[in-house]
Amino acid sequence: MAIQYAELPWWKTGPIYQIYPRSFLDTNSDGVGDLEGIRRKLDYLQDLGVRGIWLSPIYPSPLYDFGYDITNYHDIDPVFGSLETFKLLVREAEARGISLIMDMVLNHTSHLHPWFIESRSSRDNPKRDWYIWKDGRRGPFGKGYPNNWMAAFGGHAWTWDKPTEQYYLHLFTEEQPDLNWRNPEVQEAMLAEMQFWLDLGVKGFRLDVINYLVKDAQFRNNPYHFRMTYPRRHDLQHHQFDRNQPETYEIVHRIRSLMDRYAGASEDTMLVGEVYPDEGVHAPDLAATYIGIGKDLLHLAFDFSTIYTSLTAADLHSVLQTWYGVLLPGAWPCHVLSNHDQSRAASRLCAGADNEAKKRVLAALLLTQRGTPFLYYGEEIGMEDGVIARKDLQDPLGKKYYPFHPGRDRSRTPMQWTGDSAAGFTEGKPWLPINRDFRKRNVEAQQRDPSSLLHWYRDLITLRQEEPALLDGSIEFFETGLQENVLAYVRRKAGSEVQVVLNVSGQTRPNPIRRGGTVLLSTHRKPQGTIEHDTRLAPWECTVYK
Ligand code: NOJ
Ligand code: CA
């Protein structure tokens, strides 16, 4: 069947695949993935049906936060290659119908960025006000922190800088000083950096912690609260004054205007924002406020509720209904189950019995919802969290700042391409250990096996692109079935209807869909002509009917 997506912008038409470049494919045996490695796998991604790639940061970085601390926003770190390789990558991806988006870290730079080196050099340096500098506050015990703000990774958000005797602000590690977005020069400078990539043919940006950009003008103390959340918070602080300030939307609007200048008639540039609320708090309503209706704000924003959900029909239903419910009419949703900061959904939600069957349910869910699905590299082969000894941890979050955190390295382990040594990822020593299951779980093995998870993903992606109702139809959930742990919904578009039923349990369950139809795709039934509906669903069955 013909692919239906001609009139939609690319970012609405298919999955966007997040690559953590250090871990995708190493082509020069230094144990770290590189751009040439990504280039060599473009055919693989095209074959999977991917329409966009989000690259986690590849800019020069001293790696205090593995690339999220940048020293130069318009270059490539030599470990990944050069601007020449990058241009080639953009061209070859476009030729396969795949657009590239960069990870843009606007809130902070590296402490080794020349701007910060200048800024900290003296109080009257012209770049002093590009960052946020404050005197200590006098208290009963002498001078203390300017206010009570705590950093996202734990500890105070202020660091004392002896040479000029002031504190600077950093909402993440002390090696990531926050830029002062109230300064128009900072805004100009960062917009110019983004323009640099747009001129090279990049089609969009994932905006790191976009809701943190602007800080309270009076630097008021954050209030405390004692709500218990999961995962447990370290600061019991409600980040009222250091995040989510109303002026942030004005900046987002400026960025959007830049994007629209590069968009062309087909709306082919895109911004997706990471809107991160307080640790462990679901905030779909907050994420929704960043999505533009028309041309004012972001195209997409992540709602991380799926990160904190459990694998039951009732919970999934409630998370999804809430997300759709808070979006303004006309807003386009997106969905994400895994990323480089979280335990992989394959481990978080699918652990224990029937683990492979559960992964199929999640894939079917992600790829038949309304809006753009985001895939995290390796998700399509069911990659799980790596087991990393504390002594091998690289992530500062687990290693230095937050000793009870397992570290984020577990979801950043090398892609498992083959069953050969080092999983075909490198001929050197991989920067993080390869997961133990790579001999069984790898792309090559799954490509050979038509019943593999990889084939399931590919079939779902193809179906999503062939069925207008799946691509951009409406969605309506059946409430019946939820009690039995069955999630069912119907997608509709212009008279055509697709029904999806997911048995989110390891038991046989009644099938809430009773009408006859054609099976388009199923974990348990053969696609064929009109069939009488079975009234029962097999354990973990996923079926898409038309
Ligand atoms: C969110 C990113 O996803 C995370 O990896 C990073 O540590 C922080 N922002 C700081 O940039
Ligand atoms: Ca390499």
* **Nitroxide proxy distance, nm - points 7 Å out along Cα→Cβ at residue 515 and residue 191** => 5.1
* Which residues make up the longest stretch of the chain clear of chymotrypsin sites (Phe, Trp or Tyr not before Pro) that lie in a DSSP loop with no more than 14 other Cβ atoms within 10 Å, not counting the sites? -> 227-403
* **238, 113, reordered so the largest accessible area comes first (probe 1.4 Å)** => 238, 113
* Please state the relative contact order of the chain as a whole percent: Cα pairs under 8 Å, 6+ residues apart? -> 13
* Structure fact -> When all Cα-Cα pair distances of the chain are considered, the percent exceeding 38 Å is 28
* Structure fact -> Computed ³J(HN,Hα) along segment 337-348: with the Karplus parameters 6.51/-1.76/1.60, θ = phi - 60°, integer Hz and x for glycine or proline, the list is 10, 8, 7, 6, 9, 10, 4, 5, 4, 4, 9, 5
* Asked: Which stretch or stretches of segment 25-66 have amide N atoms under 14 Å from the point lying 7 Å from residue 88's Cα along the Cα→Cβ direction?
  -> 27-28, 34-42
* What are the ³J(HN,Hα) values, in whole Hz, obtained from phi via the Karplus relation 6.51 cos²θ - 1.76 cosθ + 1.60 with θ = phi - 60°, for each residue of segment 7-14 in sequence order, with x given for Gly and Pro? -> 8, 8, x, 3, 6, 9, 9, x
* Give the accessible area for residue 492 in Å² (nearest 10); use a 1.4 Å probe, count only protein heavy atoms, and leave out ligands, DNA and RNA. => 90
* Along the Cα-to-Cβ line of residue 440, 7 Å from the Cα, sits a label point; which residues in segment 451-489 have backbone N less than 20 Å from it? -> 451-457
* Name the residue farthest towards the positive end of the dipole of segment 417-546 from the options 489, 540, 478, assuming +1 on Cβ of Lys and Arg, -1 on Cβ of Asp and Glu, about the Cα centre. => 540
* Asked: Cα to Cα, under 12 Å, and not fewer than 8 places away if on the same chain: which aspartates and glutamates meet these conditions relative to residue 429?
  -> 26, 30
* Quick one: compute the contact order of segment 102-161, relative version, from alpha carbon pairs under 8 angstrom and 6+ residues apart, as a percent. => 16
* Work out, step by step, the length gained on full extension between residue 261 and residue 240: first 0.36 nm times the residue separation, then minus their alpha carbon distance; give nm to one decimal. => 4.2 nm
* Segment residue 250-residue 322, length gained on full extension (0.36 nm per residue, minus Cα span) -> 23.3 nm
* Structure fact -> Restricting to Cα pairs under 8 Å and 6 or more apart, the percent relative contact order of segment 9-146 works out to 20
* Asked: How long is the gain from residue 162 to residue 484 if the chain were fully straight, where each residue apart is worth 0.36 nm and the alpha carbon distance is subtracted?
  -> 109.7 nm
* Compute the Cα gyration tensor for segment 1-113, then decide on rounded, prolate or oblate, letting a ≥ b ≥ c be the square roots of its eigenvalues: rounded whenever a/c is under 1.5, prolate when a/b is larger than b/c in the other cases, and oblate in all that remain. => prolate
* Amide N proximity, segment 146-169 versus residue 135 label position 7 Å along Cα-to-Cβ, cut-off under 13 Å -> 146, 165-167
* **Pair residue 121, residue 72: separation of 7 Å Cα→Cβ label points (nm)** => 1.8
* Going down the table (134/391; 143/215; 12/526; 359/546), which pairs top 32 Å between alpha carbons? -> 134/391
* Say each of residue 28 and residue 493 gets a label point 7 Å from the Cα, pointing the same way as Cα to Cβ; how far apart are those two points in nm? -> 4.3
* Relative packing of 448-454, 500-506, which averages over residues the other C-beta atoms within 10 Å, highest first -> 500-506, 448-454
* To do: Could you tell me the distance between the Cα centroids of segment 314-371 and segment 172-215, to the nearest Å?
  => 29
* Asked: With the Cα gyration tensor of segment 204-341 giving a ≥ b ≥ c as the square roots of its eigenvalues, does the rule (a/c under 1.5 for rounded; else a/b larger than b/c for prolate; else oblate) give rounded, prolate or oblate?
  -> oblate
* Whole-angstrom gap from segment 462-535 to segment 237-290, using each part's C-alpha centre -> 34
* To do: Determine, for each peptide in 250-260, 33-43, the mean count of other beta carbons within 10 angstrom over its residues, then list the peptides with the highest first.
  => 33-43, 250-260
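The values are calculated or read from the model by the stated rules, or taken from the named source; none is laboratory data. Source: prediction; values computed, not measured. With ideal geometry, Cβ positions are generated from the backbone for all residues, glycine too; neighbour counts draw on all protein chains shown. Please note that ligands, DNA and RNA were not included when accessible areas were found on the heavy atoms of the full protein model with its side chains. Shrake-Rupley method; radii C 1.70, N 1.55, O 1.52, S 1.80 Å.
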